[in-house]
Protein chains: 2
Amino acid sequence: MKRNTPDSEWSTAEKEILDATYSALLKHGYADLSITRIGEELDKSNSSIYHHYDTKTDLLNTLLEFTIDQFMLQIKTQPTNDPAEELNTLLTDLLPPDASERPQLQVVLVCFRSQAVSDEEVRAQFTQIDQRLAATIQEIIRRGISQGVFREVDASQVTEHLLAMITGVAHNSLTTDRDDAASLARASVASYIESELKQSG
Amino acid sequence: MKRNTPDSEWSTAEKEILDATYSALLKHGYADLSITRIGEELDKSNSSIYHHYDTKTDLLNTLLEFTIDQFMLQIKTQPTNDPAEELNTLLTDLLPPDASERPQLQVVLVCFRSQAVSDEEVRAQFTQIDQRLAATIQEIIRRGISQGVFREVDASQVTEHLLAMITGVAHNSLTTDRDDAASLARASVASYIESELKQSG
């Protein structure tokens with residue numbers, strides 16, 4: 001089931017089906033998806049979906065894998081001489097101030113996440129995402145500390161704080177109609193980084 | 001569908017069924033629940049469930065309503081002369097350092113939350129939860145500021161920060177196997193409150 005293929009190795013037909021799955025997921029939710037409903041989002045008969053995927057579960061797992069592939073590419077930052085700016089760029093991608101600006105792949109992750117409470121396979125995938133994201137953030141913070149840009153904080157504690165904010169803001173803004181939630185939280189993260197991480201002066 | 005009844009007005013039979021629904025939810029996840037699977041958790045035949053509930057959706061909605069009733073009671077704090085301690089008590093309830101210590105009702109909310117991306121009714125319920133929780137936290141912070149216990153912070157911004165932490169830590173700890181996540185985040189929230197909110201000296 002697991003596929004570690006770069007974006008270009010997903011065929012056009014596969015991507016069309018995954019795109020239709022995403023549209024159906026947004027309309028009906030994870031629990032109420034069906035191959036028929038995915039087919040309705042696609043300019044093809046259901047049989048063309050079954051040509052690629054055996055079951056709805058198969059198709060949903062593939063969408064999650066595809067999304068994780070993309071997400072891992074997104075958070076892969078190139079080390080620069082400016083760790084503060086790297087952290088800012090990463091957080092700007094992951095904490096858009098408006099739910100409607102949130103990239104599709106982040107929406108898919110929110111749609112799937114609840115399933116990880118009970119599904120071991122999905123849980124392993126979210127463990128992998130959070131581990132990778134934590135490692136990325138922690139590496140930037142440690143580099144910033146060693147360069148004297150950041151204060152000598154407990155890097156693993158600050159990392160966990162930011163990771164919880166990233167997950168929390170995504171869920172709070174996509175699962176409620178509280179329109180200010182994301183922008184207030186984003187501003188608050190910026191001031192947290194100023195006061196907690198940055199060297200004064 | 002909406003019921004605003006206190007705990008005591010839920011009958012024993014109803015509570016037994018809701019408890020079985022909770023057990024089945026943890027085993028199979030929201031998407032793969034069925035009346036048959038709920039019946040397996042109960043010492044009764046399925047027909048007794050159908051006597052109380054027409055459909056699986058009906059039963060799941062009732063579990064969510066019951067959970068929200070309980071949750072609203074839990075976060076209803078009595079104003080005291082010590083807002084700092086009130087906030088600490090609330091956060092200790094909502095941010096247990098170990099996922100296994102998390103109360104059942106908070107686990108149910110995590111199991112349901114993804115569904116709110118696409119389901120308007122569930123979304124309205126999570127909007128209501130977050131609004132109530134935000135109002136509770138913000139009232140404590142404002143009282144602390146007026147008493148000179150807390151600094152003159154932007155109360156709505158700090159509230160949104162804490163709300164995102166509460167949602168984020170619940171999801172990160174219940175949907176992954178990163179065992180340290182919750183305790184590190186809890187420690188980090190404590191130090192955030194020390195440095196952001198508390199008056200020095």
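The values are calculated or read from the model by the stated rules, or taken from the named source; none is laboratory data. Since this is a predicted model, take the numbers as computed values, not measurements. Glycine also receives a Cβ, built like all others from the backbone with ideal geometry; neighbour counts cover every protein chain displayed.
Some values worked out for this structure:
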quantity	calculated
Single condition A:Ile141 does not satisfy, out of (1) among the hydrophobic types (A, V, I, L, M, F, W, C); (2) out of contact with any Phe, Trp or Tyr (no Cβ under 7 Å at 6 or more places or on another chain); (3) touching a residue at least 40 places away in the same chain (Cβ under 8 Å)	(2)
Counted residues, segment B:91-119 - those being within 11 Å of another protein chain (Cβ to nearest Cβ) and free of Cβ contacts under 8 Å to residues at least 60 places away in the same chain	5
Complete set of residues in segment A:11-51 that are closer than 16 Å to A:Leu109 by Cα, within 14 Å of another protein chain (Cβ to nearest Cβ) and part of a helix (DSSP H, G or I)	A:Thr21, A:Tyr22, A:Ser23, A:Ala24, A:Leu25, A:Leu26, A:Lys27, A:His28
Sole residue being farther than 23 Å from B:Gly168 by Cα and loosely packed, with under 15 Cβ neighbours inside 10 Å, chosen from B:Thr55, B:Thr92, B:Thr62, B:Thr21	B:Thr55
Qualifying position, being within 17 Å of B:Gln157 (Cα to Cα) and at the interface with another protein chain (Cβ under 7 Å from one of its Cβ atoms), among A:Ala190, A:Ala181	A:Ala181
Selected residue [free of Cβ contacts under 8 Å to residues at least 40 places away in the same chain and over 13 Å from the mean Cα position of the chain (by Cα)] from B:Ala124, B:Ala84	B:Ala124
Index of the failed condition, A:Ser195 passing every other in (1) farther than 22 Å from B:His171 by Cβ; (2) at pLDDT below 95; (3) more than 7 Å from chain B (Cβ to nearest Cβ)	(3)
Number of positions in segment B:37-73 that are out of contact with any Leu (no Cβ under 7 Å at 6 or more places or on another chain), within 30 Å of B:Ala187 (Cβ to Cβ) and polar (S, T, N, Q)	0
Positions within segment B:120-145 being of a type in the set (Phe, Trp, Tyr) and more than 10 Å from chain A (Cβ to nearest Cβ), in sequence order	none
Positions within segment B:38-58 being at pLDDT 85 or above, of a type outside the set (A, V, I, L, M) and over 23 Å from B:Asp119 (Cα atoms), in sequence order	B:Gly39, B:Glu40, B:Glu41
Test set (1) at pLDDT 95 or above; (2) more than 7 Å from chain B (Cβ to nearest Cβ) - A:Gly168 fails condition number	(2)
Filtered residues of segment B:180-201 (kept if part of a loop (DSSP other than H, G, I, E, B) and in contact (Cβ under 8 Å) with a residue 12 or more places away in the chain)	B:Leu197, B:Gln199
Failed criterion for A:His161 (all others in (1) within 11 Å of chain B (Cβ to nearest Cβ); (2) in contact (Cβ under 8 Å) with a residue 60 or more places away in the chain hold)	(2)
Test set (1) more than 7 Å from every other protein chain (Cβ to nearest Cβ); (2) assigned to a loop (DSSP other than H, G, I, E, B); (3) surrounded by 19 or more Cβ atoms within 10 Å (Cβ to Cβ) - B:Gly148 fails condition number	(3)
